[in-house]
1. Starting from the stretch 343-367, keep only residues that are over 22 Å from residue 176 (Cβ atoms), then list their pairs with residues that are among the aromatic types (Phe, Trp, Tyr) and open to solvent by less than 50 Å² (accessible area, probe 1.4 Å) whose Cβ atoms are within a distance under 9 Å, requiring at least 6 positions of separation or different chains.
2. Can you name every residue in the stretch 51-75 that is under 18 Å from residue 124 (Cβ atoms) and open to solvent by less than 60 Å² (accessible area, probe 1.4 Å)?
3. Within the stretch 276-290, take every residue that is at pLDDT below 95 and open to solvent by less than 30 Å² (accessible area, probe 1.4 Å) and give me the one that is nearest to the chain's Cα centre (by Cα).
4. Among the listed residues 223, 235, 242, which satisfies the condition of being of a type outside the set (Lys, Arg), loosely packed, with under 13 Cβ neighbours inside 10 Å, out of contact with any strand residue (DSSP E or B) (no Cβ under 6 Å at 6 or more places or on another chain) and under 22 Å from residue 82 (Cβ atoms)?
5. Kindly indicate whether any position in the stretch 189-205 is farther than 27 Å from residue 110 by Cα, part of a loop (DSSP other than H, G, I, E, B) and without any contact (Cβ under 8 Å) to a residue 24 or more places away in the chain.
6. Condition check: closer than 25 Å to residue 332 by Cβ and touching a Pro at 6+ places or on another chain (Cβ under 8 Å). Does residue 123 satisfy that?
7. Look at residue 137 and say whether it is in a helix (DSSP H, G or I), modelled with pLDDT of 95 or more, under 26 Å from residue 360 (Cβ atoms) and touching a helix residue (DSSP H, G or I) at 6+ places or on another chain (Cβ under 7 Å).
8. Filter the stretch 344-374 down to the residues that are closer than 25 Å to residue 292 by Cβ, of a type in the set (Val, Ile, Thr) and assigned to a helix (DSSP H, G or I) and list them by number.
Amino acid sequence: MPEAVVTVADRTRDRARSADSAGGARDAPDTGTAAPAGCERGTGPSGSDFAPLLRAVKAHGLLKQRTGWYAARIAANLLALGAVTTGLALLGDTWWTLLLALPLAVFWARTAFVGHDAGHTQITGVRKASRFIGLIHANLLLGMNEAWWNDKHVRHHANPNHIDKDPDVGVGALVWTQKQAAQREGCARWLTRNQARLFFPMLLLEGIALKISGFQYLRQQPTRERAHSAALLVTHLGLYATLLLTVMSPGKAVVFALVHHALFGLHLGMAFAPNHKGMEMPDPDGERWGHLQRQVLTSRNVRGGVLTDWFLGGLNYQIEHHLFPSMPRPHLRRAQPLVRAHCEALGMPYAETGLIESYRQALQHMHEVGEPLR
């Protein structure tokens, strides 16, 4: 891998020198393959700057599927979910079952990460197989509509942090720009003033909100797709309720479900919050960014080791993931030196920080957004 870093960096510097000597004009090299979604080939500096990086990544086989790697982890996660379910049955009607809400939330988050990767065709290049995996993990195991998630997530990937195009920075319970904040009224205005301190408490509601959003999205799906999605969502609710009500009293079942979904939402929020909050937000009326600039400047990596990779589901390599959405999760760490060297050679900022610092930066941004209302 060190040789790969030197190679891509040297090629990038050589290109930059050639462009400078020619008056700054840069022509996009032909990659010989279709560019990733959102990448403009041959339309400007940012498009051409991405081409040598794409070639280097392909040369090292980092876009090839790792189906066996995923199969082993999917099996391990299913076994873990089975073990927690067995634990619930063995404990029976006791408040001690609440202790199992935490591991169940953690392994539900692993399940969500698998669904996320399936949506990006990271697990297999066969789209029907990818959708099947997504339906099982999202709709059946989590009660979260994979069609809703994929629609929202694809739009986010195409234009991250773009106020008019990225649904993740649209006006909702939270807002992400002072212009959005200025339009808030009533209770929403109070919420925006305090959104930084309320962010993590609000994540406790995210597990339930994901289910509600999934059911609401059914109306937008084609009839046949809606039937499949709805059947699996309802089956999930039936199986989940049956498990809890068979094991414990209704009161304990309700408390367990609330605690479990609160921890699940918090975990997912902690995995997604560091990725883009507080990073660059493209000006809707400004210059149109190319793929490299659009994905790198709006994303933040979180440094760490194996535990961080596991806890964040590989999303700590957010820059690499956004540049190459179909790249299998285990290859993101290997691609990082290539991407960092490429950005350094171009003089492009490459944001990476620790986990706690990433939260601090995200909360600081939310605090600054609400500043004019205080």
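The values are calculated or read from the model by the stated rules, or taken from the named source; none is laboratory data. For clarity, every value in this text was computed on a predicted model and none was experimentally measured. Glycine also receives a Cβ, built like all others from the backbone with ideal geometry; neighbour counts cover every protein chain displayed. Side chains included, ligands, DNA and RNA excluded: accessible areas come from the protein's heavy atoms. Shrake-Rupley method; radii C 1.70, N 1.55, O 1.52, S 1.80 Å.
1. 343/350; 344/350
2. Taking the stretch 51-75 first, the residues under 18 Å from residue 124 (Cβ atoms) are 61-75.
Listed by number, the residues that qualify are 61, 62, 63, 68, 69, 70, 71, 72, 74, 75.
3. For the stretch 276-290, the residue satisfying everything is 282.
4. 242
5. No, every residue in the stretch 189-205 fails to be farther than 27 Å from residue 110 by Cα, part of a loop (DSSP other than H, G, I, E, B) and without any contact (Cβ under 8 Å) to a residue 24 or more places away in the chain.
6. Numbers: closer than 25 Å to residue 332 by Cβ: yes; touching a Pro at 6+ places or on another chain (Cβ under 8 Å): yes.
Judged against the criteria, residue 123 is a match.
7. Against the criterion (in a helix (DSSP H, G or I), modelled with pLDDT of 95 or more, under 26 Å from residue 360 (Cβ atoms) and touching a helix residue (DSSP H, G or I) at 6+ places or on another chain (Cβ under 7 Å)), residue 137 does not qualify.
8. The answer is none; no residue qualifies.
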